[in-house]
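Okay, structure first, notes after.
The values are calculated or read from the model by the stated rules, or taken from the named source; none is laboratory data. Computed from a prediction, not measured in an experiment: that's the story for all the values here. FYI the Cβ positions are ideal-geometry reconstructions off the backbone, even for glycines, and counts take in every protein chain you see.
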Amino acid sequence: MPKAFSWSFSRLKNFETCPKRYYEIDVQKNFKESSAQLDWGGAVHEAMAHAIKSGQPLPKDMPFQRWINSVNKFQGEKLVEQKWALTKEFQPCEWFSPLAWFRSVGDFVGIAAPGALILDWKTGKPTRDSKQLMLTAACVFAFHPDVNEVDSGFVWLKDDALTSEHYTRADMPKEWLDIIPRVQRMEHATATLTFPPQPDRLCKKYCPVASCPFWRKGPQ
């Protein structure tokens, strides 16, 4: 019996960047992404989580302590690296449930009903795509029915900056309508095993999929 379709925001973004790259790395696992930037990002996330849980300061080579101090002041339940899963009906379920359709991990989530706070640590360059925050907020609303408003933000650690979004429970139907067509394209590709290469700037330096005809031949 084939495995049921499921997705996450990172998988959706990888699929939209290049279907073949997504298939070879995320689905088949024939290749593995590796870079100094990815390693640093993973180390930062691990250190931030440990600092919040333990109360210990960050390592000296990570000058982000003020953000740890900020979340430590939050009055309410604190969740770190919180894993959530939703069914196709947007209902909460266990992470490994066969009904899990969408999965999300919250870097820091503070619950103080009827409000909540979401912070997502970012080690790259700032972008304007806040859909990841919306999806995490949707999980908060699903798992915490007493929460009706969520303040959320990307913390751009290298720039020491915050970009924020505010969501209400009433916003969710419209927000889901915006992203569902994107997920349906990904689901159709999965059902039909249609993952064509999509050459772009990543091909030349950043893609490990050596089986692709565009590998190291992309645009300058």
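If you scan the stretch 17-76, which residues turn out to be under 20 Å from Gly153 (Cβ atoms), of a type outside the set (Lys, Arg) and surrounded by fewer than 16 Cβ atoms within 10 Å (Cβ to Cβ)?
Our first condition is that a residue be under 20 Å from Gly153 (Cβ atoms); within the stretch 17-76, this holds for 41, 44-45, 47-49, 51-52, 58, 62-76.
Still in the list and also of a type outside the set (Lys, Arg): 41, 44-45, 47-49, 51-52, 58, 62-65, 67-72, 74-76.
Scanning the stretch 17-76 gives Ala49, Pro63, Gln65, Asn69, Ser70, Asn72, Gln75, Gly76.
Tell me which residues, restricted to the stretch 25-38, are closer than 14 Å to Thr190 by Cβ and either in contact (Cβ under 8 Å) with a residue 40 or more places away in the chain or part of a helix (DSSP H, G or I) (or both).
Across the stretch 25-38, the qualifying residues are Asp26, Val27.
Does the stretch 7-14 contain at least one residue that is at pLDDT below 95 and either touching a Leu at 6+ places or on another chain (Cβ under 7 Å) or among the β-branched types (Val, Ile, Thr) (or both)? No, the stretch 7-14 contains no residue that is at pLDDT below 95 and either touching a Leu at 6+ places or on another chain (Cβ under 7 Å) or among the β-branched types (Val, Ile, Thr) (or both). Does at least one position in the stretch 71-94 carry a residue that is part of a helix (DSSP H, G or I) and either within 22 Å of Val147 (Cβ to Cβ) or touching a residue at least 60 places away in the same chain (Cβ under 8 Å) (or both)? Yes; the residues of the stretch 71-94 include at least one that is part of a helix (DSSP H, G or I) and either within 22 Å of Val147 (Cβ to Cβ) or touching a residue at least 60 places away in the same chain (Cβ under 8 Å) (or both).
Only residues that are surrounded by fewer than 19 Cβ atoms within 10 Å (Cβ to Cβ) and closer than 15 Å to Ser8 by Cβ were counted across the stretch 101-119, and they come to 1. Looking at the stretch 95-126, which of the residues that are part of a strand (DSSP E or B) and among the β-branched types (Val, Ile, Thr) is farthest from the chain's Cα centre (by Cα)? Only one residue tops the list, namely Ile111.
In the set (1) surrounded by 17 or more Cβ atoms within 10 Å (Cβ to Cβ); (2) in contact with a Pro (Cβ under 9 Å, 6 or more places away or on another chain); (3) farther than 30 Å from Gly76 by Cβ; (4) not aliphatic (A, V, I, L, M), the condition left unmet by Thr190 is number (2). Residues in the stretch 1-16 that are exposed (fewer than 13 other Cβ atoms within 10 Å of the Cβ) and either touching a helix residue (DSSP H, G or I) at 6+ places or on another chain (Cβ under 6 Å) or touching a residue at least 40 places away in the same chain (Cβ under 8 Å) (or both): Ala4 alone.
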